[in-house]
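Quick notes on the structure that follows.
The values are calculated or read from the model by the stated rules, or taken from the named source; none is laboratory data. Being a predicted model, the structure only gives us computed values, none of them experimental. For neighbour counting, all protein chains shown are included, and Cβ atoms are generated from backbone atoms with ideal geometry for every residue, glycine included. Protein only, heavy atoms only, side chains kept; ligands, DNA and RNA dropped before computing areas. Shrake-Rupley method; radii C 1.70, N 1.55, O 1.52, S 1.80 Å.
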Amino acid sequence: MSKISQRRALLLAAIVPALLVTGCSAGNNTQAMKGAASPGTPTDMDSMSPEETDTSPDATDTASPTDTAGGGGQAQTTVQGFFSALKSGNVDQVVSSFSDDAVAAVDGQATAEGSQAIRTLFQKQLQGNGMKQATHTIDESRTAGDADAIVRSTSKQGSDNYRELFVLTKDGEDWKISQFMNNKAS
(Lines give C-alpha, C1' and ligand atoms only; values in the text may rest on other atoms or scores of the structure.)
Protein backbone atom coordinates (compact mmCIF):
# COMPACT_ATOMS: atom_id res chain seq x y z
CA MET A 1 0.00 0.00 0.00
CA SER A 2 1.49 3.35 -1.00
CA LYS A 3 2.11 6.09 1.53
CA ILE A 4 -0.64 8.21 -0.05
CA SER A 5 -3.14 5.33 0.17
CA GLN A 6 -2.23 4.73 3.82
CA ARG A 7 -2.65 8.42 4.55
CA ARG A 8 -6.06 8.52 2.84
CA ALA A 9 -7.20 5.42 4.73
CA LEU A 10 -6.18 6.90 8.07
CA LEU A 11 -7.81 10.21 7.20
CA LEU A 12 -11.07 8.50 6.26
CA ALA A 13 -11.02 6.28 9.36
CA ALA A 14 -10.60 9.32 11.59
CA ILE A 15 -12.91 11.84 9.92
CA VAL A 16 -15.78 10.08 8.15
CA PRO A 17 -17.56 8.78 11.30
CA ALA A 18 -17.51 12.25 12.85
CA LEU A 19 -18.80 13.87 9.66
CA LEU A 20 -21.57 11.29 9.30
CA VAL A 21 -22.73 11.92 12.86
CA THR A 22 -22.59 15.68 12.27
CA GLY A 23 -24.47 15.33 8.98
CA CYS A 24 -27.14 13.10 10.48
CA SER A 25 -27.78 15.49 13.35
CA ALA A 26 -27.76 18.71 11.28
CA GLY A 27 -30.94 20.52 10.30
CA ASN A 28 -34.28 18.73 10.36
CA ASN A 29 -32.80 15.35 9.48
CA THR A 30 -33.84 12.95 12.22
CA GLN A 31 -31.80 10.01 11.00
CA ALA A 32 -29.16 8.95 13.51
CA MET A 33 -26.08 6.84 13.10
CA LYS A 34 -26.78 3.69 15.11
CA GLY A 35 -24.35 1.05 16.23
CA ALA A 36 -21.27 2.66 14.72
CA ALA A 37 -18.09 2.13 16.65
CA SER A 38 -15.53 4.90 16.83
CA PRO A 39 -12.29 4.13 15.05
CA GLY A 40 -9.15 3.52 17.05
CA THR A 41 -6.81 6.46 17.46
CA PRO A 42 -4.16 6.33 14.74
CA THR A 43 -0.67 6.97 16.09
CA ASP A 44 0.88 8.71 13.07
CA MET A 45 -1.81 11.29 12.33
CA ASP A 46 -0.43 14.20 14.38
CA SER A 47 0.15 16.26 11.23
CA MET A 48 -3.28 15.39 9.78
CA SER A 49 -5.63 16.73 12.47
CA PRO A 50 -8.64 18.45 10.88
CA GLU A 51 -8.91 22.18 11.42
CA GLU A 52 -12.52 23.17 12.14
CA THR A 53 -13.95 25.83 9.87
CA ASP A 54 -17.25 27.61 9.53
CA THR A 55 -20.03 25.02 9.64
CA SER A 56 -23.09 27.24 9.27
CA PRO A 57 -26.16 24.98 9.15
CA ASP A 58 -28.14 27.49 7.08
CA ALA A 59 -25.69 27.79 4.19
CA THR A 60 -27.18 28.21 0.69
CA ASP A 61 -25.92 28.10 -2.88
CA THR A 62 -24.86 31.74 -2.62
CA ALA A 63 -23.59 31.80 0.96
CA SER A 64 -21.43 28.79 1.75
CA PRO A 65 -18.89 28.37 4.53
CA THR A 66 -15.27 28.92 3.68
CA ASP A 67 -12.05 27.87 5.32
CA THR A 68 -10.21 30.82 6.80
CA ALA A 69 -6.89 29.03 6.28
CA GLY A 70 -7.51 28.99 2.50
CA GLY A 71 -7.17 25.27 1.75
CA GLY A 72 -10.76 24.28 2.48
CA GLY A 73 -12.04 27.27 0.51
CA GLN A 74 -9.97 26.25 -2.51
CA ALA A 75 -11.16 22.66 -2.17
CA GLN A 76 -14.72 23.98 -1.90
CA THR A 77 -14.19 25.80 -5.23
CA THR A 78 -13.27 22.46 -6.81
CA VAL A 79 -16.50 20.92 -5.50
CA GLN A 80 -18.52 23.87 -6.79
CA GLY A 81 -16.85 23.38 -10.19
CA PHE A 82 -17.85 19.70 -10.06
CA PHE A 83 -21.48 20.67 -9.39
CA SER A 84 -21.39 23.25 -12.23
CA ALA A 85 -20.07 20.57 -14.59
CA LEU A 86 -22.89 18.21 -13.53
CA LYS A 87 -25.51 20.89 -14.15
CA SER A 88 -24.08 21.71 -17.59
CA GLY A 89 -23.74 18.01 -18.50
CA ASN A 90 -19.99 18.39 -19.21
CA VAL A 91 -18.59 14.89 -18.56
CA ASP A 92 -15.01 15.94 -19.38
CA GLN A 93 -15.14 18.68 -16.75
CA VAL A 94 -16.72 16.29 -14.23
CA VAL A 95 -13.91 13.75 -14.76
CA SER A 96 -11.21 16.45 -14.58
CA SER A 97 -12.45 17.31 -11.06
CA PHE A 98 -11.22 13.88 -9.90
CA SER A 99 -7.69 12.57 -9.35
CA ASP A 100 -6.59 9.75 -11.69
CA ASP A 101 -6.98 7.11 -8.94
CA ALA A 102 -10.20 8.50 -7.43
CA VAL A 103 -13.07 6.41 -6.12
CA ALA A 104 -16.72 7.44 -6.53
CA ALA A 105 -19.57 5.72 -4.69
CA VAL A 106 -22.88 7.02 -6.02
CA ASP A 107 -26.17 5.91 -4.45
CA GLY A 108 -27.56 2.88 -6.28
CA GLN A 109 -24.52 2.42 -8.56
CA ALA A 110 -21.44 0.21 -8.49
CA THR A 111 -18.36 1.91 -7.05
CA ALA A 112 -16.23 3.50 -9.77
CA GLU A 113 -12.43 3.41 -9.40
CA GLY A 114 -10.18 5.40 -11.71
CA SER A 115 -10.82 7.97 -14.43
CA GLN A 116 -12.39 5.67 -17.02
CA ALA A 117 -14.83 4.09 -14.55
CA ILE A 118 -15.77 7.55 -13.23
CA ARG A 119 -16.34 8.75 -16.81
CA THR A 120 -18.65 5.79 -17.48
CA LEU A 121 -20.53 6.35 -14.21
CA PHE A 122 -21.20 10.02 -14.86
CA GLN A 123 -22.05 9.50 -18.53
CA LYS A 124 -24.90 7.28 -17.27
CA GLN A 125 -25.83 9.78 -14.57
CA LEU A 126 -25.99 12.68 -17.03
CA GLN A 127 -28.11 10.98 -19.71
CA GLY A 128 -31.13 13.25 -20.07
CA ASN A 129 -29.32 15.56 -17.61
CA GLY A 130 -31.91 15.85 -14.86
CA MET A 131 -29.12 17.65 -12.98
CA LYS A 132 -29.81 21.00 -14.71
CA GLN A 133 -32.42 21.97 -12.12
CA ALA A 134 -30.59 20.46 -9.11
CA THR A 135 -29.53 22.70 -6.25
CA HIS A 136 -26.37 22.11 -4.25
CA THR A 137 -25.36 23.52 -0.88
CA ILE A 138 -21.89 23.25 0.62
CA ASP A 139 -22.51 22.57 4.31
CA GLU A 140 -18.94 22.25 5.55
CA SER A 141 -15.39 22.58 4.32
CA ARG A 142 -12.35 21.52 6.37
CA THR A 143 -8.67 21.13 5.74
CA ALA A 144 -6.79 18.15 7.13
CA GLY A 145 -3.12 19.07 7.06
CA ASP A 146 -1.59 20.81 4.07
CA ALA A 147 -2.67 18.44 1.31
CA ASP A 148 -6.11 17.05 2.25
CA ALA A 149 -9.57 18.52 2.68
CA ILE A 150 -13.10 17.33 3.41
CA VAL A 151 -16.20 18.95 1.91
CA ARG A 152 -19.73 17.94 2.92
CA SER A 153 -22.76 19.06 0.92
CA THR A 154 -26.45 18.48 0.34
CA SER A 155 -28.35 18.49 -2.94
CA LYS A 156 -31.94 18.49 -4.11
CA GLN A 157 -32.75 16.77 -7.40
CA GLY A 158 -36.46 16.92 -8.12
CA SER A 159 -38.16 15.59 -5.00
CA ASP A 160 -35.07 13.68 -3.84
CA ASN A 161 -32.60 14.98 -1.26
CA TYR A 162 -29.00 13.76 -1.32
CA ARG A 163 -25.97 14.25 0.85
CA GLU A 164 -22.43 14.14 -0.46
CA LEU A 165 -19.02 13.70 1.09
CA PHE A 166 -15.86 14.65 -0.78
CA VAL A 167 -12.27 13.93 0.22
CA LEU A 168 -9.89 16.10 -1.78
CA THR A 169 -6.13 15.91 -2.19
CA LYS A 170 -3.75 18.59 -3.38
CA ASP A 171 -2.31 17.77 -6.82
CA GLY A 172 0.41 20.36 -7.41
CA GLU A 173 -1.44 23.66 -7.00
CA ASP A 174 -4.87 22.16 -7.74
CA TRP A 175 -7.32 20.32 -5.51
CA LYS A 176 -8.71 17.07 -6.92
CA ILE A 177 -11.52 14.89 -5.60
CA SER A 178 -9.95 11.62 -4.47
CA GLN A 179 -13.00 10.08 -2.78
CA PHE A 180 -16.66 10.89 -3.45
CA MET A 181 -19.74 9.39 -1.88
CA ASN A 182 -23.40 10.32 -2.04
CA ASN A 183 -26.64 8.81 -0.84
CA LYS A 184 -30.29 9.71 -0.53
CA ALA A 185 -31.16 11.44 2.70
CA SER A 186 -34.12 9.90 4.48
Next on the checklist: I need a count of the residues in region 70-118 that are touching a strand residue (DSSP E or B) at 6+ places or on another chain (Cβ under 7 Å) and in a loop (DSSP other than H, G, I, E, B).
Outcome noted: 5
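Taking the condition of being open to solvent by less than 30 Å² (accessible area, probe 1.4 Å) and under 12 Å from T78 (Cα atoms), how many residues in region 164-184 meet it?
The first filter runs over region 164-184 and keeps only residues open to solvent by less than 30 Å² (accessible area, probe 1.4 Å), leaving 164-169, 175, 177-178, 180, 182.
When the remaining residues are screened for being under 12 Å from T78 (Cα atoms), the result is 166-169, 175, 177-178.
Within region 164-184, residues that are open to solvent by less than 30 Å² (accessible area, probe 1.4 Å) and under 12 Å from T78 (Cα atoms) number 7.
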Next on the checklist: So N161 ticks every box in (1) open to solvent by 50 Å² or more (accessible area, probe 1.4 Å); (2) within 16 Å of M181 (Cβ to Cβ); (3) touching a residue at least 40 places away in the same chain (Cβ under 8 Å) but one. Which box is left unticked?
Outcome noted: (3)
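Conditions tested, residue by residue: (1) closer than 17 Å to I177 by Cα; (2) of a type outside the set (S, T, N, Q); (3) open to solvent by 20 Å² or more (accessible area, probe 1.4 Å).
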residue	(1), (2), (3)
S84	yes, no, yes
A110	no, yes, yes
G114	yes, yes, no
K132	no, yes, yes
